[in-house]
Structure formats: C-alpha cells, structure tokens
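Asker: Below are the structure tokens for one structure; questions will follow.
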Amino acid sequence: MQRASVDKGLATPDLSLLVDGLRAEREQGITIDVAYRYFGTPTREFVLADTPGHVQYTRNTVTGASTAELAVLLVDARNGVVEQTRRHAAVLALLRVPRLVLAINKIDLVDYDEAVLAAIAKDFAGLARSLGFADDAVVTIPVSALVGDNVVERSEHTPWYEGPTLLGHLESVPVTGPEVAAPFRMPVQYVIRPRGGADARSADAARGDLHDYRGYAGQVASGTVAPGDEVVVLPGGTRTTVAAVETADGPLDAATAGRSVTVLLADDIDISRGDVLASAAEPPRLTDELDTTLCWLAEKPLRPGARLLLKHGTRTTPVIVGAVGERLSLDSDVPTWEPAPEQLGINDIAHASLRTADPLPVDDYADIRATGSFLLIDPPTGNTLAAGLVGTPLAVH
Amino acid sequence: MTATLPMTPAVAPALDALDALESEAIHIFREVAGEFDRPVILFSGGKDSTLLVHLAVKAFAPAPVPFALLHVDTGHNYPEVIDFRDRLVERLGLRLEVAHVQDWIDDGRLVERPDGTRNPLQTVPLLDSINEHRFDAVFGGGRRDEERARAKERIMSLRDAFGRWDPRKQRPELWNLYNGRHAPGEHVRVFPISNWTELDVWRYIQREGIELPEIYFAHQREVFRRDGMWLAEGPWGGPRGAEALVKKSVRYRTVGDGSCTGAVESTATTLDEIIAEVTASRLTERGATRADDRLSEAAMEDRKREGYF
C-alpha cells in the first residue's frame with residue numbers, strides 16, 4: 001500500500017487503497033463493492049465486510065448486513081448523524097443485525113469535546129430506539145481512526161470516556177446468534193447414498209453396512225438436533241425420529257446452528273433436496289401466501305404481477321408478485337413507511353405480498369433468519385433481484 | 001459502514017473458528033452438488049486445492065466425491081508436486097483431467113512469452129477444458145485474504161461464455177443463499193474457502209493431519225535472487241547475467257509455475273514451525289512470492305477478468 005501511495009504521488013498512505021481493490025474504485029476514488037478483510041487477535045478471529053456508504057450502493061450494505069453478527073457504523077464527529085447514518089441504521093435494523101457500535105470518528109477534529117459526542121450519542125440513541133434496537137444493543141465509542149484514539153489503546157485525550165476501546169469491545173462482546181436458541185430447522189441440501197449408481201465403485205460402498213445408508217446432508221440453520229429428536233419433514237408433513245447425526249469424523253451427540261451434518265432418520269421416507277427437517281413440536285408454518293419485506297437490488301424495476309423465481313433454503317419455486325405495499329422512506333430525520341409506490345426501483349425497501357407455486361415452510365425473519373429469508377431471481381437472466389424477508393421485521397416507532 | 005463477523009464466540013463456543021469455516025465450505029460443496037450437473041475441482045497439488053479435496057471428501061462421506069478434478073499443467077512443475085497429485089488421485093479413486101499448456105503451445109493456440117512465465121498462459125487451456133468437458137461449476141481454492149481483487153470476489157461467481165469476470169456486475173450474495181443460475185455456455189466459479197486466511201489453512205492442515213507435497217517444508221535447494229525473490233532453476237530457465245545460484249534452506253508458500261513462484265528462506269520443517277512463521281509474516285503468500293501478482297496494481301483483477309482462476 002505504501003508503495004502504491006508513493007506511486008500516486010501521495011505523501012501519507014492512502015488508506016482507501018486497502019479496501020478499494022478494483023481498478024474502477026481506485027480510478028473513481030470510491031468504494032463500490034463489499035470488501036472482505038480478515039484479522040485476528042489472541043482472543044478472536046474477525047471477518048470484516050467493508051461496505052460502501054453511497055446511496056446507490058445500498059444493495060451492498062444489505063449484502064454485508066445479511067451475515068453480520070455486529071455492525072460498526074462510522075460517523076464523522078464534525079457532522080454527527082447524517083442521512084447515510086439513518087439509511088444504514090435502518091438497513092441494519094431490517095436485517096436484524098443483533099448488535100451495533102456507533103464509532104464517532106475524528107474526535108481529534110472537535111478537540112475531544114465531550115459535549116459534541118454526547119449530543120451525537122443522544123441523537124443516535126433516539127434513532128436506534130425508533131428502529132427497534134434495544135438500548136443495550138448499541139454501544140457508542142469516540143475514536144480517531146487516524147490517530148488511534150480508543151481504537152486499540154485508551155486515549156489520554158478522552159478521560160471522560162469510561163467505555164471500552166473499539167477492539168476491546170469487539171473482543172469481548174457476546175456474539176452467540178439468536179439462531180442457536182431457536183427451534184430446529186435444516187434445509188436438506190443433498191441425499192448421501194453410497195450405493196447409488198456410479199458411486200458403487202467406492203471402497204467404502206463395498207462395505208455391507210452402507211448398503212442401506214441414506215443420509216440427509218445439510219447445515220443446521222437454527223436450534224439443535226440430536227438423536228432421538230422428533231422431527232417433521234416439510235412440505236410433506238411426515239413425522240419421524242432422528243436416528244443419528246453424523247459428520248465425516250463420526251457421530252455427534254448433538255449439532256447446533258451453523259454445523260454441517262448428515263442426519264439419518266428412523267423411517268424410510270421419500271426426502272429430497274428442497275425439503276426442510278424441522279422440530280416436530282415447533283414447526284415452521286407451511287404457506288404459499290407470503291407477506292414480505294423486499295430490498296430491491298436490481299436496475300430493472302419491480303411491478304405488481306411480475307412472475308419471478310423465489311429461492312428459499314434449498315428450494316427454488318416460481319412466484320407471482322401481488323401487491324406492492326408501503327415503501328420505507330429514509331429522507332426525513334426518522335425513517336417512515338410511506339404509501340405504496342407504483343413500482344420499486346433499485347435500493348427501494350418495501351412491503352410486498354407474494355404467491356408461490358409450491359408451499360414453503362417459513363418462519364418470520366424476525367424469529368429465524370434462515371427460514372425467514374429468500375432471494376427473488378429473474379428467470380431470463382438468472383440475476384438476483386431482491387433480498388426478501390418474511391413478515392415485516394422493521395416496525396418504525 | 002463496517003460490519004464485523006467474529007467467528008469465535010467468547011462463551012460456550014458452539015463451533016470454533018475452524019469448525020465454522022469447515023461447515024461453511026461443506027455447505028458450499030453440497031449446494032453445488034445439488035444444483036449443478038458437471039462440477040469440477042481445480043487441482044494443482046498445492047495446499048489450497050489439497051484442502052479443497054479434503055473438504056469435499058468430508059462433505060460427501062461415506063459416499064465418494066461426486067466431482068472430477070482438473071489440473072491446468074504449465075509443464076513448469078516441481079516433480080514432488082506431480083507425484084503427490086497422482087498419489088492423491090489414486091488413493092481417492094478420483095477422475096483427473098489434465099490440460100497441458102504445452103499442447104496449446106505446440107499447436108500454436110498459445111505462444112510462449114518472452115519472459116518464459118506460463119502462469120498467464122493457463123487461462124486459455126482452462127477455458128477450453130471447461131468448454132470441452134462442459135463443466136458448469138468450477139471450484140477454485142482462491143481466498144479473499146490473498147489479494148485485493150479476490151477480496152471482492154463472491155463465493156459463487158458467474159463467468160460469461162467467454163469465461164470473463166465482470167466485477168461491476170456481480171450478483172449480490174445474501175445470507176448463505178447462493179444463486180448459481182447460468183445460461184448454457186456460461187459457468188460458475190465457486191470458492192469454498194473464500195473466508196479462510198493462510199493461517200486458518202495451516203492450522204486446519206495440522207488439525208486434520210492433511211498430507212502436503214514436501215516442498216512446503218524447509219529443504220536445501222539451489223536458488224538465485226531476482227526481484228527480491230528466491231527462484232529455482234528448471235526447464236523454465238535459470239539465472240541470468242549477474243544472478244548466481246546459491247544453496248539455501250528454503251520452502252515454498254505457494255506452488256505455481258516454477259518460473260515465477262519464489263521460495264522463502266526458512267528452516268521450518270514442521271507444521272508448528274510453519275504456523276509460527278506464517279503468524280509472524282506481514283505479507284500474504286501471493287504478495288511475497290508471486291511475481292505475476294506484482295506486475296501492476298491490478299494484475300490479479302486483469303487476469304481474473306479474462307477468466308483466470
């Protein structure tokens with residue numbers, strides 16, 4: 001980076017060179033796409049998704065937020081909460097990122113004035129509350145990214161600040177996702193059958209005990225699965241019992257959200273990719289009518305009546321868009337839902353009702369992210385048009 | 001806005017960082033097996049592609065890996081690596097296709113470069129092989145921490161009929177819902193270890209006891225200095241002008257075309273020692289030892305746009 005900064009005739013390192021990895025980004029001096037960076041400390045490893053701030057790249061904010069366990073919002077101490085802050089905070093609330101850090105940057109440029117920071121923190125707390133964030137989900141930290149105040153080391157210029165440094169907070173904040181405590185869900189990705197056709201030449205398959213092996217491969221999307229659990233297979237609705245939870249390293253006593261496993265069932269049932277295994281006691285609802293919130297990501301506008309494809313878990317099904325509902329307005333100080341537009345344009349967030357060709361086992365996105373999220377896909381081009389959330393996870397207060 | 005994704009929970013870890021990365025990679029392999037007709041794993045015998053094969057084995061056990069392997073062979077290989085490649089393919093009973101760059105040079109579809117480097121020449125044989133075998137999903141061992149154009153790469157990334165990558169037209173990739181839809185003639189590149197760092201790779205290799213070619217470990221080799229790297233003599237050429245061969249204790253951090261892949265001075269003969277060395281290193285393996293990535297600010301982006309790995 002230093003070599004490239006000097007090549008560009010800059011006296012100090014151009015920090016944007018770290019994340020602006022594409023030619024077009026360096027030419028235009030802006031960040032266009034999400035950049036992933038990796039760092040570790042002795043206590044944790046981090047994946048950092050750096051997403052651009054410009055309004056025309058809201059779709060990248062949505063992308064970064066969809067997998068984040070915590071988000072750091074940067075504001076300039078000289079400007080405070082601006083339109084971009086409100087837009088980002090609303091997207092983070094919509095996508096249910098569980099924890100927020102408001103990093104008030106460039107405090108060196110406001111003479112480390114406690115009053116300036118208190119005003120911004122208060123301003124943001126109001127916004128966060130109106131978006132439904134719990135007070136303890138938001139932490140405000142005054143920093144100077146350039147000088148290093150409160151980033152890794154405590155700043156001697158902010159004796160009035162008693163909270164953690166940014167890194168100290170990231171290293172210690174609990175990050176166990178809500179998925180772990182939710183009821184069990186697992187979309188079936190693939191059926192593992194060692195005796196199937198061309199696989200028969202495998203040495204393992206020659207073993208007699210694998211003759212009837214039929215394993216359902218998937219990643220536990222929420223909750224926990226263990227041998228003996230009663231599960232329901234959806235959309236079929238058949239109930240059965242988990243006989244074993246396996247990985248290539250052997251059987252497990254239980255597997256929690258995030259773990260890729262192979263589940264063996266007590267009964268011989270017709271199950272294939274696209275089906276969902278779920279807790280029989282607390283199953284998802286099966287429906288072909290969905291009330292949703294869409295983040296429209298494509299240049300091509302969405303009009304009511306559009307025929308698209310919907311990808312939910314491991315199933316893709318045709319879908320017809322019904323009515324388009326209220327659109328989220330981020331222009332005023334407080335995000336508001338305004339009357340339904342005639343069509344949706346790129347970066348619009350709006351409510352919409354959908355009808356799917358196949359019934360889908362869904363949960364509200366607010367309850368379980370994995371079974372409450374979907375993509376809308378353009379049939380002719382295959383492009384991803386929208387990020388979809390089941391229900392209306394963003395209620396503005 | 002900056003979003004961080006800590007992968008190691010502070011309390012009661014359900015999955016540790018390596019478990020989480022392994023589960024993510026297995027999920028990606030299974031998605032491709034479920035949605036594509038003719039997937040293939042790009043396999044060079046290097047540590048990242050060996051890791052890919054190991055993860056693929058785990059994703060489908062006790063059934064065999066449902067993919068073929070493809071090696072684009074520059075002809076500028078280390079014999080230890082080719083031996084290793086053939087033993088691994090034999091042991092796992094996999095099908096290996098080899099595209100020899102030399103064949104493309106011999107029949108005039110490619111011309112040898114004046115600098116003798118064949119890394120950039122791999123793109124055409126790669127794309128020709130993808131077309132010939134009608135592969136629709138092509139797994140690569142690329143990682144986002146390697147290089148900054150790769151930092152912008154999707155896990156599932158569309159290539160047009162010409163094999164080109166258009167970074168401005170990438171599909172947004174949300175949650176773990178991968179959209180691999182493509183038209184006939186197009187294909188998708190898939191990077192199951194996108195989120196691994198070089199250190200993660202080594203720690204996992206140690207944890208799983210994965211065998212690697214011996215050139216990754218320190219050994220005595222005659223090398224010469226060029227552009228700040230230690231290069232070995234081979235069919236691709238040797239020292240020029242004032243460059244002189246010296247015997248050094250070295251190891252390789254990547255295995256690539258011998259003409260442009262440098263060795264690093266090292267005495268690390270065990271995985272523990274390699275992990276200590278990688279932990280202390282400030283440069284990724286590509287930045288440190290790959291001349292092809294140091295050609296310009298956008299060397300990798302330009303090659304990726306044309307269809308490179």
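Asker: For residues that are charged (D, E, K, R) and touching a strand residue (DSSP E or B) at 6+ places or on another chain (Cβ under 6 Å), scanning just region A:308-366, find the one that is farthest from the other protein chains (Cβ to nearest Cβ). Walk me through how you get there before you give the answer.
Answerer: Start the filter on region A:308-366 by keeping residues that are charged (D, E, K, R), which leaves A:311, A:315, A:326-327, A:331, A:333, A:338, A:342, A:348, A:355, A:358, A:363-364.
In the following step, the residues that additionally are touching a strand residue (DSSP E or B) at 6+ places or on another chain (Cβ under 6 Å) were identified as A:311, A:326-327, A:338, A:348, A:355, A:358, A:364.
Details: A:LYS311: 6, A:GLU326: 22, A:ARG327: 19, A:GLU338: 24, A:ASP348: 14, A:ARG355: 20, A:ASP358: 16, A:ASP364: 15 Å.
Among residues in region A:308-366 that are charged (D, E, K, R) and touching a strand residue (DSSP E or B) at 6+ places or on another chain (Cβ under 6 Å), the one farthest from the other protein chains (Cβ to nearest Cβ) is A:GLU338.
Asker: I'd like the full set of residues that are surrounded by fewer than 18 Cβ atoms within 10 Å (Cβ to Cβ) and within 14 Å of chain B (Cβ to nearest Cβ), limited to region A:150-166. Give the steps one after another, and end with the answer.
Answerer: Of all residues in region A:150-166, those surrounded by fewer than 18 Cβ atoms within 10 Å (Cβ to Cβ) come to A:152-154, A:156-157, A:159-160, A:162-164.
Of everything in region A:150-166, just one residue is surrounded by fewer than 18 Cβ atoms within 10 Å (Cβ to Cβ) and within 14 Å of chain B (Cβ to nearest Cβ), namely A:PRO164.
Asker: Could you grab me the full set of residues in region B:15-69 that are outside any helix (DSSP H, G or I), at the interface with chain A (Cβ under 9 Å from one of its Cβ atoms) and of a type outside the set (Gly, Ala, Ser)? Spell out how you get there, then give the answer.
Answerer: Pass one, region B:15-69, residues outside any helix (DSSP H, G or I): B:15-16, B:36-46, B:61-69.
If we keep only those that are at the interface with chain A (Cβ under 9 Å from one of its Cβ atoms) as well, we get B:15, B:61-64, B:66.
The answer is B:LEU15, B:PRO62, B:PRO64, B:PRO66.
Asker: Given the criteria buried (at least 21 other Cβ atoms within 10 Å of the Cβ), within 11 Å of chain A (Cβ to nearest Cβ) and not basic (Lys, Arg), does B:ASP145 qualify?
Answerer: On the way: buried (at least 21 other Cβ atoms within 10 Å of the Cβ): yes; within 11 Å of chain A (Cβ to nearest Cβ): yes; not basic (Lys, Arg): yes.
Against the criterion (buried (at least 21 other Cβ atoms within 10 Å of the Cβ), within 11 Å of chain A (Cβ to nearest Cβ) and not basic (Lys, Arg)), B:ASP145 qualifies.
Asker: Give A:VAL143, A:VAL180, A:VAL147 a once-over and let me know the one that is facing chain B (nearest Cβ under 10 Å) and either farther than 16 Å from B:PHE60 by Cβ or modelled with pLDDT of 90 or more (or both).
Answerer: A:VAL180
Asker: Then there's this: Select from region A:288-335 the residues that are in a loop (DSSP other than H, G, I, E, B) and among the β-branched types (Val, Ile, Thr) and write down the one among them that is nearest to A:ASP275 (Cα to Cα).
Answerer: Applying the first criterion (in a loop (DSSP other than H, G, I, E, B)) to region A:288-335 yields A:297-301, A:303-306, A:313-314, A:330-335.
If we keep only those that are among the β-branched types (Val, Ile, Thr) too, we end up with A:314, A:334.
Numbers: A:THR314: 7, A:VAL334: 41 Å.
Selected residue: A:THR314.
Asker: Scan region B:230-245 and tell me whether some residue there is of a type in the set (A, V, I, L, M, F, W, C), within 12 Å of another protein chain (Cβ to nearest Cβ) and crowded, with 19+ Cβ neighbours inside 10 Å.
Answerer: Narrowing region B:230-245 to residues of a type in the set (A, V, I, L, M, F, W, C): B:230-232, B:236, B:242, B:244-245.
With within 12 Å of another protein chain (Cβ to nearest Cβ) added as a condition, the list becomes none.
Checked against the condition, which is being of a type in the set (A, V, I, L, M, F, W, C), within 12 Å of another protein chain (Cβ to nearest Cβ) and crowded, with 19+ Cβ neighbours inside 10 Å, region B:230-245 yields no hits at all.
Asker: How many of the residues making up region A:248-270 are touching a strand residue (DSSP E or B) at 6+ places or on another chain (Cβ under 6 Å) and within 13 Å of chain B (Cβ to nearest Cβ)?
Answerer: Kept after step one, since they are touching a strand residue (DSSP E or B) at 6+ places or on another chain (Cβ under 6 Å), are these residues of region A:248-270: A:251-252, A:254-257, A:260-267, A:269.
In the following step, the residues that additionally are within 13 Å of chain B (Cβ to nearest Cβ) were identified as A:251-252, A:254-257, A:260-264.
So the count comes out to 11.
Asker: Suppose we filter region A:48-100 for residues that are without any contact (Cβ under 8 Å) to a residue 24 or more places away in the chain, at the interface with chain B (Cβ under 9 Å from one of its Cβ atoms) and out of contact with any Ser or Thr (no Cβ under 7 Å at 6 or more places or on another chain); how many remain?
Answerer: Within region A:48-100, the first condition is being without any contact (Cβ under 8 Å) to a residue 24 or more places away in the chain, and the residues that meet it are A:48-49, A:51-52, A:67, A:79, A:82.
Add one more test, that the residue is at the interface with chain B (Cβ under 9 Å from one of its Cβ atoms), and what stays is A:48-49, A:51-52, A:67.
With out of contact with any Ser or Thr (no Cβ under 7 Å at 6 or more places or on another chain) added as a condition, the list becomes A:49, A:67.
Adding up the residues that qualify gives 2.
Conditions (1) of a type outside the set (D, E, K, R); (2) crowded, with 19+ Cβ neighbours inside 10 Å, marked per residue:
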residue	(1), (2)
A:LEU294	yes, yes
A:SER329	yes, no
A:ASP333	no, no
A:PRO339	yes, no
A:ALA350	yes, yes
A:VAL362	yes, yes
A:ALA370	yes, yes
A:SER373	yes, yes
A:PRO380	yes, no
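Asker: Quick check on my filter: what residues within region A:112-136 are assigned to a helix (DSSP H, G or I) and either exposed (fewer than 14 other Cβ atoms within 10 Å of the Cβ) or acidic (Asp, Glu) (or both)?
Answerer: Our first condition is that a residue be assigned to a helix (DSSP H, G or I); within region A:112-136, this holds for A:114-130, A:135-136.
Correct list: A:GLU114, A:ALA115, A:ALA118, A:ALA119, A:LYS122, A:ASP123, A:GLY126, A:ARG129, A:ASP135, A:ASP136.
Asker: State whether one or more residues within region B:235-254 are farther than 30 Å from B:GLN206 by Cα, within 23 Å of the chain's Cα centre (by Cα) and in a loop (DSSP other than H, G, I, E, B).
Answerer: Yes: region B:235-254 contains one or more residues that are farther than 30 Å from B:GLN206 by Cα, within 23 Å of the chain's Cα centre (by Cα) and in a loop (DSSP other than H, G, I, E, B).
Asker: Next question. Going by the conditions given, is A:ASP267 outside the structural domain of A:THR371 (by TED's automatic domain parsing), under 21 Å from B:LEU21 (Cβ atoms) and modelled with pLDDT of 90 or more? Before the answer, list the steps.
Answerer: Values: outside the structural domain of A:THR371 (by TED's automatic domain parsing): yes; under 21 Å from B:LEU21 (Cβ atoms): no; modelled with pLDDT of 90 or more: yes.
When the stated conditions are applied, A:ASP267 does not pass them.
Asker: Let me ask another. Looking only at region A:137-148, count how many residues are surrounded by fewer than 20 Cβ atoms within 10 Å (Cβ to Cβ), more than 21 Å from the chain's Cα centre (by Cα) and of a type outside the set (Gly, Ala, Ser).
Answerer: 2
Asker: Another question, then. So which residues in region B:104-124 are closer than 25 Å to B:LEU231 by Cα and not in a loop (DSSP other than H, G, I, E, B)?
Answerer: Selection gives B:ILE105, B:ASN119, B:PRO120, B:LEU121, B:GLN122, B:THR123.
Asker: Going by the conditions given, is A:ASP358 charged (D, E, K, R) and either in contact with a helix residue (DSSP H, G or I) (Cβ under 8 Å, 6 or more places away or on another chain) or not in a strand (DSSP E or B) (or both)? It would help to see each step written out before you state the result.
Answerer: Values: charged (D, E, K, R): yes; either in contact with a helix residue (DSSP H, G or I) (Cβ under 8 Å, 6 or more places away or on another chain) or not in a strand (DSSP E or B) (or both): no.
Here the answer is no, as A:ASP358 does not meet what is asked.
Asker: Tell me yes or no: at least one residue of region B:154-172 is surrounded by fewer than 22 Cβ atoms within 10 Å (Cβ to Cβ), out of contact with any Phe, Trp or Tyr (no Cβ under 9 Å at 6 or more places or on another chain), acidic (Asp, Glu) and touching a residue at least 12 places away in the same chain (Cβ under 8 Å).
Answerer: Checked against the condition, which is being surrounded by fewer than 22 Cβ atoms within 10 Å (Cβ to Cβ), out of contact with any Phe, Trp or Tyr (no Cβ under 9 Å at 6 or more places or on another chain), acidic (Asp, Glu) and touching a residue at least 12 places away in the same chain (Cβ under 8 Å), region B:154-172 yields at least one hit.
Asker: Tell me the residue from B:LEU121, B:LEU94, B:LEU158, B:LEU126 that is within 14 Å of chain A (Cβ to nearest Cβ) and more than 30 Å from A:LEU48 (Cβ to Cβ), please.
Answerer: Details: B:LEU121 fails: within 14 Å of chain A (Cβ to nearest Cβ); B:LEU158 fails: more than 30 Å from A:LEU48 (Cβ to Cβ); B:LEU126 fails: within 14 Å of chain A (Cβ to nearest Cβ).
Answer to the check: B:LEU94.
Asker: Which residue pairs have Cβ atoms under 6 Å apart, sit 6 or more places apart or on different chains, and have a first residue in region B:28-51 that is in the same structural domain as B:GLU186 (by TED's automatic domain parsing) and closer than 21 Å to A:TYR216 by Cα and a second that is part of a helix (DSSP H, G or I) and among the hydrophobic types (A, V, I, L, M, F, W, C)?
Answerer: Sorted first by the residue in region B:28-51, then by its partner, the pairs are B:PHE29/B:ALA56; B:PHE29/B:ALA59; B:ARG30/B:ALA59; B:PRO39/B:VAL32.
Asker: Please specify each residue of region A:69-111 satisfying the condition of being in a loop (DSSP other than H, G, I, E, B) and either buried (at least 24 other Cβ atoms within 10 Å of the Cβ) or among the β-branched types (Val, Ile, Thr) (or both).
Answerer: Residues of region A:69-111 that are in a loop (DSSP other than H, G, I, E, B), as a first pass: A:69, A:77-82, A:95-98, A:106, A:111.
Answer for region A:69-111, where residues must be in a loop (DSSP other than H, G, I, E, B) and either buried (at least 24 other Cβ atoms within 10 Å of the Cβ) or among the β-branched types (Val, Ile, Thr) (or both): A:VAL81, A:VAL82, A:LEU95, A:VAL97.
Each row is one residue, and each column tells you yes or no for (1) surrounded by fewer than 24 Cβ atoms within 10 Å (Cβ to Cβ); (2) over 17 Å from the mean Cα position of the chain (by Cα); (3) at pLDDT 95 or above.
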| residue | (1), (2), (3) |
| --- | --- |
| B:ARG30 | no, yes, yes |
| B:GLU35 | yes, yes, yes |
| B:ARG38 | yes, yes, yes |
| B:ILE41 | no, no, yes |
| B:HIS54 | yes, no, yes |
| B:VAL57 | yes, yes, yes |
| B:PRO64 | yes, yes, no |
| B:LEU69 | no, no, yes |
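Asker: Next up: Of all residues being of a type in the set (Lys, Arg), assigned to a loop (DSSP other than H, G, I, E, B) and under 25 Å from A:SER373 (Cα atoms) in region B:161-197, which is nearest to the other protein chains (Cβ to nearest Cβ)? Just the residue, please.
Answerer: In the first step, residues of region B:161-197 are kept if they are of a type in the set (Lys, Arg); the result is B:164, B:168-169, B:171, B:181, B:189.
Narrowing further to those that are assigned to a loop (DSSP other than H, G, I, E, B): B:164, B:171, B:181.
Retained after the next criterion (residues that are under 25 Å from A:SER373 (Cα atoms)): B:171, B:181.
Values: B:ARG171: 5, B:ARG181: 3 Å.
If we take residues in region B:161-197 being of a type in the set (Lys, Arg), assigned to a loop (DSSP other than H, G, I, E, B) and under 25 Å from A:SER373 (Cα atoms), then B:ARG181 is nearest to the other protein chains (Cβ to nearest Cβ).
Asker: If I ask for residues that are part of a loop (DSSP other than H, G, I, E, B), surrounded by 18 or more Cβ atoms within 10 Å (Cβ to Cβ) and over 16 Å from the mean Cα position of the chain (by Cα), which ones from region A:34-51 would you list? Step through it out loud before you land on a result.
Answerer: In the first step, residues of region A:34-51 are kept if they are part of a loop (DSSP other than H, G, I, E, B); the result is A:34, A:41-44, A:51.
Remaining after also requiring surrounded by 18 or more Cβ atoms within 10 Å (Cβ to Cβ): A:34, A:44, A:51.
Selection gives A:ARG44 alone.
The values are calculated or read from the model by the stated rules, or taken from the named source; none is laboratory data. Given the structure is predicted, the values throughout are model-derived calculations rather than measurements. Because the Cβ atoms are built from the backbone with ideal geometry, glycine has one as well, and the counts that use them run over all protein chains shown.
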